[in-house]
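A short write-up of the structure that comes next.
Read-outs: derived from the displayed coordinates by stated rules, not from any lab. The structure presented is a predicted model; accordingly, all values stated were derived computationally and were not measured. Cβ atoms come from the backbone with ideal geometry, glycine included; neighbour counts cover every protein chain shown.
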Amino acid sequence: MTQAAAMSGGCQCGAVRYRIAGELGYPHVCHCRMCQRASGNYFMPLAAAALSGFTLTRGESSWFKSSDLVRRGFCGTCGTPLFYDIPRSEFINITLGSLDDPEAVRPVAQSNTGRKMSWFHQIDGLPIEADDETPDRENAIAASNHQHPDHDTATWPSGARS
């Protein structure tokens with residue numbers, strides 16, 4: 001278990017927000033094909049939160065039943081993957097990238113490595129792109145950013161009721 005004071009997270013647009021009180025269990029990276037498809041990525045980092053300490057603080061998740069045993073929660077507005085849920089269990093898995101502070105939870109294991117990309121060990125050897133962001137471009141992006149900030153807000157978008 002990873003000790004966590006209250007943690008919060010949500011989707012990219014801010015329509016769905018959640019809070020977790022307590023510990024996150026078994027933070028791991030899953031390489032299964034279903035997680036790859038659900039995340040649109042090569043793997044999905046997940047950790048379990050007890051339902052007794054889990055609260056939706058804004059909005060409602062949309063759900064896709066990816067198998068007869070599992071459903072996956074996501075924001076119906078922006079599409080951000082948020083949850084991996086086994087109905088009738090006492091926990092819900094949170095996508096670690098949806099946490100406001102994903103750096104706070106470090107995976108302790110990998111699962112379903114039979115589907116892990118064969119070239120992952122080479123990533124650190126790839127060239128690193130030069131940072132060609134100019135201050136003007138950074139300022140333009142910041143001024144037009146529609147992404148929810150990495151913390152809870154009383155209202156979102158600005159001026160809207162939560």
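Going by average Cβ neighbours within 10 Å, how do the peptides 93-103, 119-129 rank, with the highest at the top? Don't skip to the end; give the middle numbers.
On the way: 93-103: 18.7, 119-129: 7.9.
Sorting 93-103, 119-129 by mean packing, highest first, produces 93-103, 119-129.
Label positions at Ala140 and Thr113, each projected 7 Å from the Cα along the C-beta direction, are separated by 4.5 nm. Only the Cβ atoms of Lys and Arg (+1) and of Asp and Glu (-1) were treated as charged; on that basis the dipole of the chain about its Cα centre amounts to roughly 920 debye.
The string of couplings for the stretch 126-143 from the Karplus curve (6.51, -1.76, 1.60, θ = phi - 60°) is 6, x, 9, 5, 5, 7, 9, 6, 9, x, 5, 5, 4, 5, 5, 5, 4, 6 Hz, one whole number per residue in order, with x for Gly and Pro. Projected onto its three principal axes, the C-alpha set of the stretch 1-126 covers 40, 30, 29 Å, listed from the longest axis down. Highest average first, the peptides 71-81, 47-57 ordered by how many other beta carbon atoms sit within 10 Å of their residues are 71-81, 47-57. Segment Glu129..Cys78, full-extension length gain: 15.6 nm, with 0.36 nm per residue of separation and the alpha-carbon distance subtracted. Estimated purely from DSSP H runs of n ≥ 4, each contributing -39500 (n - 2.57), the mean residue ellipticity at 222 nm for the chain is -3000 deg cm²/dmol once divided by its residues.
For Leu82, the residues whose modelled amide H falls within less than 5 Å of its own, excluding neighbours fewer than 5 places apart on the same chain, are Gly73, Phe74, Cys75. Under a 5 Å amide H cut-off, with hydrogens placed 1.01 Å from N, Phe54 pairs with Ala21 among residues at least 5 apart or on other chains.
When only the Cβ of Lys, Arg, Asp and Glu is charged (+1, +1, -1, -1), the dipole of the stretch 94-162 relative to its Cα centre reaches about 540 debye. Dividing the mean sequence gap of close Cα pairs (under 8 Å, 6+ apart) by how many residues the chain holds gives a relative contact order of 26 percent.
Computed about the Cα centre, the dipole magnitude for the stretch 1-70 is approximately 160 debye when only Lys and Arg (+1) and Asp and Glu (-1) carry charge, each at its Cβ.
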